[in-house]
Amino acid sequence: MAAASAEDSPGQAERALEASAPHASVSLIKSSLSSLLGMRKVPIDTAEWDGYFDESGHLVKSWDFISANILDRGLDLAVRPEAWKFLTGYYSWRSSQDERLTTESMRRKSYEALCNMYDKIQPLLETEHRGFPQVCSFISSDLQRLHIRDAQGNSMVDKKQLEKILLLTYVCNTEAGYQQGFHEMLLLFQLLVEKEHEVYWMFQFFLQRTEHSCVVSIGVGRNLIMLKALIAFMDPAFAKHLEGKGRVVQSLFPWFCLFFQRVFRSFADVWRLWEVFLTGMPCRNFQVIVAYTMLQGVRDQILRENMGGDDILMVCGSILDLEAEELISTACCLYDRLREHEDKVPAELKEFFRQRDT
């Protein structure tokens, strides 16, 4: 790609990135806008997002361009509610504004139909479904411990709505069901969008788009297996140390169950990482690269102090107040290192981290 000076206009920089996006390396994608513009990265704001569409509401920018920008810069809070509808699959990327209005009406009516169905079968579930009362108890207990307040001390949580959506998810999404911690993840969607049917559908589509990687019975075990394989390939000395300390890697499942929600300092950081997951960039299953990055942050301490299993888990559990931008950037650099040795990467890792089809 031709060099550009700091005096180049934002339009020139965007065109340069769009031209390079389909074939650029991850580090190039990550650094292009900031280096071309010679300024601190600024999230995609409303004015820029609106410029991605023509008068009919069709996108005029490519998926590669938009995804690369989201990976590099993220989304402004004001843009996220609409942008996430595209990222999750709530809206089609090929849709017009009129088609999205139709989709919105369809989503609302479908949600209402599910709620009506649930109301009719709830008495039967309570008496005939052996696991239903226990799930109700889990959800109620989890929500009682959820306390989020704004600066004025007002509750930011609509627990009745969360309970309704979690129970509906358990009944209608048989793949996901309910696992403890879903209430915390769902809260992020309740804080992101306003309408109940939006919260429900975006959560379902998020789980699908991320291939149920946070679901214990589907993706978490696979993530842990591949994390262990990644450590063995990238850092054999560290892998050897962990191997002799019990089931350390397998005990890191809480990271994946909540998609790292508890390691960040703010909800904004969680949204920032999750929207990267939704782009599928820089690769599929980027969550395992993120987990490896976090482990690398405490690797030297673990080896220097020759820590045992319990101490390792304690150190990993104390990883808190992270900044998403720094974590994403470091994880992308580690992914670049993996690609540099692509000819030596085991086939299972290569397939697991292959670039996602758009």
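Here are some residues: Val288, Val298, Val276, Val270. Which one is surrounded by 20 or more Cβ atoms within 10 Å (Cβ to Cβ), modelled with pLDDT of 95 or more, over 10 Å from the mean Cα position of the chain (by Cα) and in a helix (DSSP H, G or I)?
Being surrounded by 20 or more Cβ atoms within 10 Å (Cβ to Cβ), modelled with pLDDT of 95 or more, over 10 Å from the mean Cα position of the chain (by Cα) and in a helix (DSSP H, G or I) holds for just one of Val288, Val298, Val276, Val270, which is Val288.
In this structure, is Lys195 closer than 23 Å to Ala268 by Cα, open to solvent by 40 Å² or more (accessible area, probe 1.4 Å), touching a residue at least 60 places away in the same chain (Cβ under 8 Å) and not polar (S, T, N, Q)?
yes
Could you list, in sequence order, the residues of segment 301-313 that are hydrophobic (A, V, I, L, M, F, W, C) and part of a helix (DSSP H, G or I)?
Answer for segment 301-313, where residues must be hydrophobic (A, V, I, L, M, F, W, C) and part of a helix (DSSP H, G or I): Ile302, Leu303, Ile312, Leu313.
Given Ser155, Ser140, Ser105, which one is in contact with a His (Cβ under 8 Å, 6 or more places away or on another chain) and among the polar types (S, T, N, Q)?
On the way: Ser140 fails: in contact with a His (Cβ under 8 Å, 6 or more places away or on another chain); Ser105 fails: in contact with a His (Cβ under 8 Å, 6 or more places away or on another chain).
Exactly one residue qualifies, and that residue is Ser155.
Among Glu351, Glu275, which is without any contact (Cβ under 8 Å) to a residue 24 or more places away in the chain and closer than 21 Å to Gly219 by Cβ?
From the options Glu351, Glu275, the qualifying one is Glu351.
Could you check segment 328-358 and list, in sequence order, the residues that are open to solvent by 100 Å² or more (accessible area, probe 1.4 Å) and touching a Phe, Trp or Tyr at 6+ places or on another chain (Cβ under 9 Å)?
Matches in segment 328-358: Lys344, Thr358.
Mind checking which pairs have a first residue in segment 132-149 that is under 17 Å from Thr169 (Cβ atoms) and hydrophobic (A, V, I, L, M, F, W, C) and a second that is open to solvent by less than 70 Å² (accessible area, probe 1.4 Å) and not in a helix (DSSP H, G or I), Cβ under 7 Å, 6 or more apart or different chains?
These pairs meet every condition: Val135/Tyr178; Phe138/Tyr178; Ile139/Tyr178; Leu146/Val157.
Please enumerate the residues belonging to segment 48-79 that are open to solvent by less than 10 Å² (accessible area, probe 1.4 Å) and under 25 Å from Gln355 (Cα atoms). Explain how you work it out, then say what you get.
First pass over segment 48-79, keeping only residues open to solvent by less than 10 Å² (accessible area, probe 1.4 Å): 49, 52, 57, 65-72, 74-75, 79.
Once the filter is applied, which keeps residues that are open to solvent by less than 10 Å² (accessible area, probe 1.4 Å) and under 25 Å from Gln355 (Cα atoms), segment 48-79 yields Trp49, Tyr52, Phe65, Ile66, Ser67, Ala68, Asn69, Ile70, Leu71, Asp72, Gly74, Leu75.
For segment 202-245, which residues satisfy the criterion of being among the aliphatic types (A, V, I, L, M), within 18 Å of the chain's Cα centre (by Cα) and surrounded by fewer than 17 Cβ atoms within 10 Å (Cβ to Cβ)?
Once the filter is applied, which keeps residues that are among the aliphatic types (A, V, I, L, M), within 18 Å of the chain's Cα centre (by Cα) and surrounded by fewer than 17 Cβ atoms within 10 Å (Cβ to Cβ), segment 202-245 yields Val216, Ile218.
Output yes when any residue across segment 325-348 is among the aliphatic types (A, V, I, L, M), modelled with pLDDT of 95 or more and not in a helix (DSSP H, G or I), and no when none is.
Checked segment 325-348: at least one residue is among the aliphatic types (A, V, I, L, M), modelled with pLDDT of 95 or more and not in a helix (DSSP H, G or I).
Applying the selection to segment 250-259, what residues are under 22 Å from Asp310 (Cβ atoms) and under 11 Å from the mean Cα position of the chain (by Cα)?
Phe256, Leu258
The values are calculated or read from the model by the stated rules, or taken from the named source; none is laboratory data. Please read these numbers as outputs of a predicted model, since none were measured by experiment. Methodologically, a virtual Cβ is constructed for each residue, glycine included, from the backbone with ideal geometry; neighbour enumeration extends over all protein chains shown. All accessible areas refer to the heavy atoms of the entire protein, side chains included, with ligands and DNA or RNA removed. Shrake-Rupley method; radii C 1.70, N 1.55, O 1.52, S 1.80 Å.
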